[in-house]
Amino acid sequence: MGSCNVSRGAPDWAANENLDAQIEFFGGGYAISLDAIWRAAGRPKGKDPELWAISARPLVHGFALYLTAIDTPTAEGDILYRTDLEAEALDGDDCPDNLKTKEGDLVAGGVLARHYATYLDRRMG
């Protein structure tokens, strides 16, 4: 695991900044909290991960088919799912809450998380 070198001065990060911080800390980007990205972006109404996942269903389905086609059989539920565990605190109280994964967060791999973060940033700016 990495270290938390995230500034506490910016309560509302751009969504892609939060995504990059999660990838940097956890390494690899295999379980990115879409809810943490949404919280970091200021919790915009009507843009939460649950609603996005409904509209992104064809993307999730297509990505699962792609992974299967390259001999990495993957069910849709394995690339977009709710976490049942709260992530370990990132360097204790020194890290902003915006980076933490909480129990019940919608979690995805880096590819889907990047699509979600870009969706949020485009809608906010």
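The values are calculated or read from the model by the stated rules, or taken from the named source; none is laboratory data. In this text the structure is predicted, and so the values were computed from the model without any measurement. For neighbour counting, all protein chains shown are included, and Cβ atoms are generated from backbone atoms with ideal geometry for every residue, glycine included.
Tabulated results
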read-out	value
Hits in the stretch 17-59 - residues which are over 10 Å from the mean Cα position of the chain (by Cα), over 13 Å from residue 120 (Cβ atoms) and in a loop (DSSP other than H, G, I, E, B)	27, 28
Subset of the stretch 38-69 that is aromatic (Phe, Trp, Tyr) and farther than 25 Å from residue 100 by Cα - its residue that is surrounded by the fewest Cβ atoms within 10 Å (Cβ to Cβ)	66
Verdict on residue 10 being modelled with pLDDT under 80 and over 16 Å from the mean Cα position of the chain (by Cα)	yes
